[in-house]
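The values are calculated or read from the model by the stated rules, or taken from the named source; none is laboratory data. Model, not experiment: these values are computed from the prediction. Glycine also receives a Cβ, built like all others from the backbone with ideal geometry; neighbour counts cover every protein chain displayed. In case anyone asks, the SASA skips ligands and DNA or RNA and just uses the protein heavy atoms, side chains included. Shrake-Rupley method; radii C 1.70, N 1.55, O 1.52, S 1.80 Å.
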Amino acid sequence: MTQYSSSILSLPLPPSLESSFKSTKKKNQRQMELLSNQPMYQTVPEKYIFPPEKRMVKDIILHSVNLPVIDLRGGRVDAEGWCEIIGEIMKAGKEFGFFQVINHGIPEKTISDMLQVCDEFFKMPAEEKAQYYSNDLSKPFLLNSSTTYDKSETRYWRDYLRLVCYPIEEVIDAWPEKPENFRAVLSEYTLQVRELSSKLLKLIAEGLGLDKDYFGGDFSTGKTQMNINHYPPCPDPSLTMGLLPHCDRHLITLLAQGTVSGLQARYMEGWINVEPIPNAFVINFGHQLEIITNGMLKSVEHRAVTNSAIARTSIATLIMPKTDCLIAPAKELLNENNPPKYKEFMFTEFLKAYDAASASREDVLEFFKLN
């Protein structure tokens, strides 16, 4: 083995390499900082404390307003009252951009198994999770903390798994083997949620007066992404935030939020607490659905807040267009009284603009509005 003198080992690095070394070290430290690796926090670390002007304590919470809850009657396409269901979805979509669905056809066990295996993942020892830490968003499975959209130094009180979950056969080998049933549970859950998303998109298409399969092609057959969010108990929720206010970049989101509240949706001058309903899914529209409907259906800002008592895990399934899919207002919805508000673009262009705008609703839509 080559031996080096202590004088050589102590030589300073060139400035450019020193800067690169420090940057890489800092990046790796940030990358490996998982809230779930700590048993319990007694105080909020400084890097998670937002400046007073960004805290939520002064925001208006509309406690008397609740999201609509829509009974899908077993999720059968031929269910009695299908037209009534379509009407409820359209009404909720126009007013709130959000609603909850119950009696949707997905077994309770499928949902509970998925929530449980995700909790088990975050509870694994740090050394077992370490192999999945990454800032490389091109990976089909990664583990990280906070968010990539807010470029500030303040961190969000959130760990998350970001993974591609469909087509299953293309990505299953990238999923972790621990917990031992993770792959099997995720596979079953993915198939069930994608089937539900297909039913919902048919209902929305019919409600818009479009062919029921309008959203069944390139609009919804991109690689399905899943964000599994984990929010540990926070010593002082007034100082921090689980996730920043944002709108979703894709077509539609289906969220399983378990039994712990924490999701808030913007409504008029304030925010609505989206209270958990056992085995329900929270549905919200993404930017692409707002653009395709020429603003008829809204993509609404939402955020996550923390609590001091109990950990919260939520599972968001994101139905994506193909990256080369052309997005524009549906011609069938346009007329001289309703001219197009947005130009045509490729979905991959939107993704770049969304990142550049740090997920800001107004800023990202401005890129694609027609004058």
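The residues of segment 149-169 that are surrounded by fewer than 18 Cβ atoms within 10 Å (Cβ to Cβ), in contact (Cβ under 8 Å) with a residue 24 or more places away in the chain and hydroxyl-bearing (S, T, Y), listed by number, are Y149, T154. Whether a residue is open to solvent by 30 Å² or more (accessible area, probe 1.4 Å) and either part of a helix (DSSP H, G or I) or of a type in the set (G, A, S) (or both) was assessed, and I172 passes this test. Scanning segment 106-154 for residues that are farther than 27 Å from Q192 by Cα, modelled with pLDDT of 90 or more and of a type in the set (D, E) yields E127, E128.
Of all residues in segment 138-162, those satisfying the criterion of being under 19 Å from R312 (Cβ atoms) and not in a loop (DSSP other than H, G, I, E, B) are L143, N144, S145, D159, Y160, L161, R162.
Those residues that are open to solvent by less than 70 Å² (accessible area, probe 1.4 Å) and either without any contact (Cβ under 8 Å) to a residue 12 or more places away in the chain or in contact with a Phe, Trp or Tyr (Cβ under 7 Å, 6 or more places away or on another chain) (or both), I need them from segment 316-327; list them, please. Passing the criteria: P321, C325, I327.
Number of residues in segment 203-220 that are buried (at least 17 other Cβ atoms within 10 Å of the Cβ) and under 22 Å from the mean Cα position of the chain (by Cα): the value is 4.
Hey, could you check segment 301-315 for residues that are assigned to a loop (DSSP other than H, G, I, E, B) and buried (at least 22 other Cβ atoms within 10 Å of the Cβ) and say which is nearest to the chain's Cα centre (by Cα)? My answer is V305.
For segment 335-366, the tally of residues that are in a loop (DSSP other than H, G, I, E, B) and over 22 Å from the mean Cα position of the chain (by Cα) stands at 7.
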